[in-house]
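The values are calculated or read from the model by the stated rules, or taken from the named source; none is laboratory data. As the structure is a prediction and not an experimental result, all values here were calculated from the model. Using ideal geometry, Cβ is built from the backbone for each residue, glycine included, and neighbour counts are taken over all protein chains shown.
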Amino acid sequence: MKLLVINAGSSSVKYQLYDMTDESVLAKGLVERIGMDSSILTHKPTGKEEVTEVSEILEHTTAIRKVLDKLIDKECGVLASVDEIQAVGHRVVHGGEVFKGSALVTGEVKSEIRRLFDLAPLHNPPAVLGITAAEKNMPGVPQVVAFDTAFHQTMEEKVFLYPIPKVLYKKHHVRRYGAHGTSHEYVSKVAAEYLDRPLEDLKIITCHIGNGGSLTAVKGGVSMDTSMGLTPLEGLMMGTRSGDLDPAVVTFVMNKEELSLSEVNSMLNKHSGLLAISGSSSDMRDITDGMAEGDPNATLAFEMYEYRLRKYIGSYAAAMDGVDVIVFTAGIGENSVVVREKVCENLTYLGVEVDPELNKIRSGEPRRISTPNSKVEVLVIPTNEELMIARDTYRIVQENQ
Ligand code: ADP
């Protein structure tokens, strides 16, 4: 079966075409600047040259039509006909409490996703645009939605509730939902396969650290706790997000600086984190370069980042009463030797011992960086959210045939 995985943002559509007979990627690409005067389509067929096309693409239906045109193009195409695509999988950020796993798209499913717009006003509306655009371009082809929150629906009430008046949960669904669930689920499964141990027996801390970042305590294959909350603002210090802080800071600063709701929202989501402390960049490469050059602000940003990450690892070891495996993934987790080194060098009380040489290797494959003596396996596993969505799509479409 060939299937298309789509990740639609407000002005972009990312795609990957899979052949599920061997889970190979036939082509992938990105449409950017949808709705702007010069939209850019970048298409990369596997084994062939990347092509870029600039044109005016005003909305998502046209964007997906252009993608399909590229997929069947004589020069850069990989399909004889669009009819070869037998299913479409979509990434959706928020599944609320309704979606505990991926689902076949129906009218009711689309209405549920719309009802969740309140909880993810920036992310869920474009996902519906993507679904509608795919339906228009490929009528009759089954569509599946995979949610970033679904994996975390196993969290118990004591974990997902905030200690605030319960009426807010009942009336407005205020609770912890988490994010990056597809990635946490994927890397925890790959970790068990890599170690050749049953997932059910393992206590795993998955560190998905990119520009955004979250940790998950995966016990016996299910998410027991995760660091993001009602929104992705809770938890770790991130590229431009503050992560955890005293909620009173918000009202205090709003009062002192006379900030509006949207201004304080923007401050905490877009102007905090590594960017705020370094004063120069939200990118971990710049932070570690700055630190190597002796920049005190970059050094402080790094130290705060590492300290907060390490505290979360400790708290999840406590939450699960132990840890067997720590997994690093996403942009920083997969690439930053120094972040992994510094975090792990201060986890000796857990029995963590990382081999400095193994930590330096780059392979793009799952690999162990801990020593044979380490009491905790430390792994670097490249995440692959698209593949996870493709697998769910394939399974659900087959189940519903
Ligand atoms: P997003 O959350 O946007 O998906 P990514 O997972 O792509 O983010 O991660 C982006 C982060 O990864 C940036 O902070 C970037 O600096 C970091 N990163 C990427 N490559 C490296 C590298 N070689 N060394 C250190 N950090 C890296």
If we keep only residues of segment 307-328 that are within 16 Å of the ligand (Cβ to nearest atom) and either among the acidic types (Asp, Glu) or more than 20 Å from Gly220 (Cβ to Cβ) (or both), then the residue nearest to the chain's Cα centre (by Cα) is Phe328
Could you give me the residue pairs with C-beta distances under 7 Å whose first residue belongs to segment 333-350 and is within 16 Å of Thr206 (Cα to Cα) and assigned to a helix (DSSP H, G or I), whose second residue is of a type in the set (Asp, Glu) and within 16 Å of the ligand (Cβ to nearest atom) wherever it lies, and which are 6+ apart or on separate chains? Val339/Glu306; Val343/Glu306
Selection over segment 140-171 where residues are outside any loop (DSSP other than H, G, I, E, B) and without any contact (Cβ under 8 Å) to a residue 12 or more places away in the chain yields a count of 7
Looking only at segment 77-93, decide whether some residue is modelled with pLDDT under 95 and in contact with an Asp or Glu (Cβ under 9 Å, 6 or more places away or on another chain). yes
Cβ-Cβ distance below 6 Å, separation of 6 or more or different chains: which pairs start in segment 277-294 with a residue that is within 17 Å of Lys342 (Cα to Cα) and end on one that is within 11 Å of the ligand (Cβ to nearest atom) and of a type in the set (S, T, N, Q)? Met284/Ser336
Heads up, the strands (runs of 3 or more DSSP E) in segment 1-77 (entirely inside) with at least 3 residues that are buried (at least 17 other Cβ atoms within 10 Å of the Cβ), in contact (Cβ under 8 Å) with a residue 24 or more places away in the chain and of a type in the set (A, V, I, L, M) are 2-8, 24-32
Subset of segment 364-386 (residues that are under 21 Å from the mean Cα position of the chain (by Cα) and surrounded by fewer than 17 Cβ atoms within 10 Å (Cβ to Cβ)): Gly364, Glu365, Arg367
